[in-house]
Amino acid sequence: MNPWKHLEKVRQKSSRLWLGLMSGTSLDGLDIALVAISGSGSSTKISLEAFASPPYSADWQHCLQHCTNPIEVSAIELGQLHVGLGFHWAEIVFQQLHEWNIDPRSIDAVASHGQTVLHLPPESTLRAYLPKTFPNHFSATWQLGDADQLAQRIGLPVVSDFRMKDLAAGGTGAPLLPYLDFLLFNKIGVERIVHNLGGISNLTFLPGSDNTEEVLAFDTGPANLLLNIGMQHSGTGKLYDKDGQTAAKGKVNNKLLSQWLQHPYLDLKPPKSTGREEFGSELMRTWLNEAKSADLSLPDLMATLTVFTAESINRAYRDHLPRLPKESFLSGGGSFNKELKKQIQDRLPEVEFRDFSELGQPAEAREAIGFAVLGNQFLMGESTTFPGITGNQSSVILGKLSLPN
């Protein structure tokens, strides 16, 4: 069928079956959500049909870790990764659909966030690396994973590159899911937060009213990112601190903690967003050297990094929210880190921290579901941002379209 005719047929359906794909800053695998979506705009209804997170091989993880360091990677490598990821994700999708016993032809469309390799909002310290002759007043964001490769190999329309339209409208390109959070989880009369503890920590404050101008969302700083890098450089062969067990055995180094908490990002007021460029390998190279000079054991290092993360979140709640909410629902890989959750709760006893699954969805699936919803709204011509949250000046329709032959 002609792809435009297929697209129009999909638009006319009362319910559409979407695949939402997300590869985040943790670089651990590709999140795949199979989502049935009916309606659009404020009448959108969703049903999660299946979810999986196939892990990347060690070779792919190594490649992604290298290519998400913008100071060291070459244009040749990025070009290869862009095409290679699109090809590889198509393979992963086919394998996952086979395991689910689902015919790809039963799916209507795909939405893919892509793999962020550069996020350069106005507040990023990476601007110091730009050549003096470069007009460095531009914000920039770059997500790899060629959607044309995905569309061609899967044989379905793909909506991707969601951040760029927000950037063009004057925003920082992130966070992108406040629209989803308000649509699905806002409860009249109850102020609450939907808080994702992925590689980066980001939250959406929901006002408990139908006033979208009161919705607030921003990145608080790192969540799993520094913790994972700390474990990956430990020589233990472990990729992350399972349940926070290593951190729970350690003692916080208060001198280093106080020093690290002076990071300028923590004091910035929203709108703001961040990523590996600010809280990644470059920063951790310095912090690991400082920890070595202070003779920190691995448990002490992980305890200090965990408390740093918890305290950065505490400051975000207390300094940048209009008021503390009654409840906060945690999603993402960090929501499984018992020690991190304990440290956050200890610092914010006024807030009841709950599992995102209590809202009816798996904690690890929120972002993949979210991009399926954003893809659906793009297809139906619905805007998916709220003015002001990212610094944008107007509501915009996020995404770009790739069609198969």
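None of the figures in this text is laboratory data; all of them are computed from the coordinates on show. These numbers were taken from a predicted model, which means no experiment stands behind them. Ideal geometry is used to build each Cβ from the backbone, glycine not excepted, and the neighbour counts take in all protein chains shown.
When only DSSP loop residues count, what GluC sites (Glu not before Pro) in the range 1-106 have their Cβ near at most 12 other Cβ atoms within 10 Å?
Hits after loop and neighbour filter: 72.
Over the chain, what per residue volume does the convex hull of the Cα atoms give, in whole Å³?
137 Å³
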Subset of 251/342; 13/400; 45/272; 249/269; 249/341 violating a 23 Å alpha-carbon distance limit = 45/272; 249/269
What ³J(HN,Hα) values, in whole Hz, does the Karplus curve 6.51 cos²θ - 1.76 cosθ + 1.60 give for the range 22-36 when θ = phi - 60°, with x put for Gly and Pro?
-> 9, 10, x, 5, 6, 6, 9, x, 9, 7, 10, 10, 9, 10, 8
Integer Hz, Karplus 6.51/-1.76/1.60 couplings in order for the range 270-285, x for Gly and Pro = x, x, 7, 8, 8, x, 4, 4, 8, 10, x, 4, 4, 5, 5, 4
What is the Å³ per residue value for the convex hull set by the Cα atoms of the range 1-77?
-> 175 Å³
Express as a percent, rounded to the nearest 5, the fraction of DSSP beta bridges in the chain (both residues included) that run antiparallel.
-> 70 percent
Distance from the range 192-255 to the range 22-53 (C-alpha centre basis), Å | 21 Å
Roughly what angle does helix 75-100 make with the longest principal axis of the chain, taking Cα atoms, 0 to 90 degrees, to the nearest 10?
-> 70 degrees
Extent of the range 178-359 along each principal axis, from alpha carbon coordinates, in Å, largest to smallest?
-> 52, 30, 25
³J(HN,Hα), Karplus 6.51/-1.76/1.60, whole Hz, each residue of the range 193-200, x for Gly, Pro | 10, 9, 10, 9, 9, x, x, 9
Tell me which residues come under 5 Å, amide H to amide H, from residue 216 once H is placed; ignore anything under 5 positions away on its chain.
-> 205
